[in-house]
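A.B. asks: Questions regarding the structure given below will be posed in turn.
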Amino acid sequence: MSNRSISNKTALLIKSDKLAKTLHQFRAEHTDGLSQRDHDMLVGAIKRDGCSMLTSLLNYKSFEEYPFEFAVAFVWYIELTDGLDMPSLKVIDNWGHFGDELRSTIIQCVFESSHALNFFESLCFIMTLNISEEQKKKLSISLESLFMDYYNLIVNIDNSISELEKQKYEELKRLLRIDYSTIEVEVNGTSEISDSLETTLNELESLVGLNEIKNEVKSLINFVKVNQLRKSKGLPLVSLSLHSVFYGPPGTGKTTIARLISKAFKNLGFLKKGHLVETDRSQLVAGYVGQTAIKTKEVLDRALDGVLFIDEAYSLNSKDDYGKEAIDTILKYMEDNRDRLIVIVAGYENEMSEFINSNTGLKSRFNKYFHFPNYSGSELLEILINIISKNKFAIAEDAKNKLLYTISDAIFAEGKQFGNARYIRNLYEQIIQNQFMRISQMQYVEEEHLSEITIEDLP
């Protein structure tokens with residue numbers, strides 16, 4: 001069983017009841033006006049997405065390890081499909097006490113509806129419905145809220161959520177803010193985000209700070225670009241290991257840069273899929289010798305034709321045999337799939353240096369190093385102001401000045417543990433909560449008040 005604890009089962013039941021009511025409300029408001037075919041296809045897409053968010057995005061693959069999480073996933077499943085003659089809350093309440101046959105049926109239903117994060121399929125399908133643009137917009141917004149409520153429920157089941165899961169939650173929120181007009185809907189129902197190399201490079205340039213990193217990434221992209229041109233002309237390729245070490249404190253853009261590299265290499269035709277798979281020790285190492293290799297290979301298989309990003313990779317450099325088994329498996333896979341996989345390992349500078357130097361195989365395969373420095377106070381303020389502007393808020397000048405002092409104090413107080421951009425995201429959320437509280441207490445609210453951030457809103 002998992003070391004995760006469900007401290008209050010009643011709270012879980014209440015959350016599940018809230019999810020069920022939210023799903024019923026969504027169906028009542030948005031599916032009654034659809035044809036039966038459209039209704040069935042939309043519900044099917046949402047059903048797949050729901051279970052997938054749990055079992056794929058958070059990598060909850062073991063039913064025995066995460067029984068309550070699977071129970072909540074199954075609530076999603078039966079509320080959307082009416083696929084089992086049993087109230088959803090009874091599933092949660094009796095979880096673990098079912099007979100073997102019914103238990104197997106439930107587990108199978110969850111696994112069969114858990115493929116990958118197909119959120120875009122649902123959105124793209126909405127765009128094909130024969131309804132007005134206003135209805136499509138309303139439906140998309142409601143679907144976003146539904147997914148966010150669901151995912152928020154899952155990640156708050158207890159307080160032991162890992163840093164990697166928090167990052168994936170933030171990534172999901174970023175995905176939900178994408179301009180859906182850029183998504184191309186194909187006749188066969190599949191979807192793909194079109195992102196040119198120029199767009200990727202523009203996104204790279206738009207990042208605050210990281211000037212040296214940007215230059216190194218552009219140099220790497222240019223190398224691959226020229227090599228691909230040589231390949232197209234029948235000339236021999238110039239060999240260069242693209243496996244990289246990203247070292248630096250948390251929140252300095254390592255995952256963002258890895259994602260841009262993967263997109264650029266796909267645009268250049270170097271990687272077939274160009275997707276980014278994030279992982280850490282917990283997803284690579286098993287509890288028994290021999291099982292780690294199997295678990296690690298599953299992650300590597302998912303990353304094939306893309307980029308594997310291993311956060312806090314130095315945690316594999318432990319005294320037990322499990323970490324060594326994972327490293328050996330990764331090195332062999334890198335050797336056997338030279339043209340189909342790029343591995344990026346990341347973490348603090350000193351720990352990563354010790355990690356790479358601990359193994360001759362690692363040292364020989366990772367020869368590109370990217371140093372991610374802490375952001376300066378002014379850079380972090382710029383990041384915060386950009387977030388505020390993108391969300392249609394305006395901040396007063398005196399508030400900006402105070403924020404610079406607030407950020408500088410946090411950098412000094414937290415030292416090595418300072419979260420950089422993660423701290424800024426948390427700060428932004430605190431500011432907005434304060435602003436909403438202030439607005440709610442106003443007797444007369446004008447439109448400009450809703451977007452105005454004043455010095456009173458700062459924590």
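The values are calculated or read from the model by the stated rules, or taken from the named source; none is laboratory data. Small disclaimer: the values here were computed from a predicted structure and weren't measured. With ideal geometry, Cβ positions are generated from the backbone for all residues, glycine too; neighbour counts draw on all protein chains shown. All accessible areas refer to the heavy atoms of the entire protein, side chains included, with ligands and DNA or RNA removed. Shrake-Rupley method; radii C 1.70, N 1.55, O 1.52, S 1.80 Å.
A.B. asks: Tell me, what is a quarter of the convex hull surface for the C-alpha atoms of the range 287-348, in nm² with one decimal?
C.D. replies: 4.1
A.B. asks: What is the distance, in nm, between label points placed 7 Å from the Cα along the Cα-to-Cβ direction at PHE412 and at TYR288?
C.D. replies: About 5.5 nm separates the two model spin labels.
A.B. asks: On to the next question. Report the extension gain between ARG230 and GLU351 in nm, rounded to one decimal, defined as 0.36 nm multiplied by the number of residues separating them, less their alpha carbon distance.
C.D. replies: 39.7 nm
A.B. asks: Of the heavy-atom accessible surface of the range 382-436 (probe 1.4 angstrom), what whole percent is carbon and sulfur?
C.D. replies: The C+S portion of the solvent-accessible surface of the range 382-436 is 54 percent.
A.B. asks: If I compute solvent accessible area with a 1.4 Å probe over the protein chains, what percent of it on the range 212-278 is carbon and sulfur?
C.D. replies: Here it works out to 54 percent.
A.B. asks: Residues in the range 416-459, backbone N under 16 Å from the label point at ALA394 (7 Å along the Cα-to-beta-carbon vector): list them, ranges by number please.
C.D. replies: Under 16 Å, as judged by backbone N against the label point of ALA394, lie 446-455 of the range 416-459.
A.B. asks: Taking the range 365-459 as the region of interest, what is the percent of Cα-Cα pairs per 10 angstrom bin, listed from the shortest bin to the one with the maximum distance?
C.D. replies: With a bin width of 10 Å, the distribution comes to 14, 44, 25, 11, 4, 1, 0.
A.B. asks: Any idea of the accessible area per residue across the range 325-420, 1.4 Å probe, to the nearest Å²?
C.D. replies: Ligands and nucleic acids excluded, the result is 54 Å² per residue.
A.B. asks: Rounded, prolate or oblate: which fits the range 343-403 when a ≥ b ≥ c are the square roots of the eigenvalues of the alpha-carbon gyration tensor, with rounded for a/c under 1.5 and prolate only if a/b beats b/c? Mind showing how you got there, number by number?
C.D. replies: On the way: a/c = 5.66, a/b = 3.27, b/c = 1.73.
Prolate, since a/c reaches 1.5 and a/b exceeds b/c.
A.B. asks: Also: Would you work out the relative contact order for the range 359-422, in percent, from Cα pairs under 8 angstrom that are 6 or more residues apart?
C.D. replies: For the range 359-422, the relative contact order is 40 percent.
A.B. asks: Using Cα-Cα distances under 8 Å and only pairs 6 or more residues apart, what relative contact order does the range 221-335 have, in percent?
C.D. replies: 22
A.B. asks: Ranked highest first by average number of other Cβ atoms within 10 Å, how do 253-261, 395-403, 378-386 line up?
C.D. replies: Packing order, densest peptide first, comes out as 253-261, 378-386, 395-403.
A.B. asks: Expressed as a whole number of Å, what is the distance separating the alpha-carbon centroids of the range 282-351 and the range 392-444?
C.D. replies: Distance between centres, Cα-based: 38 Å.
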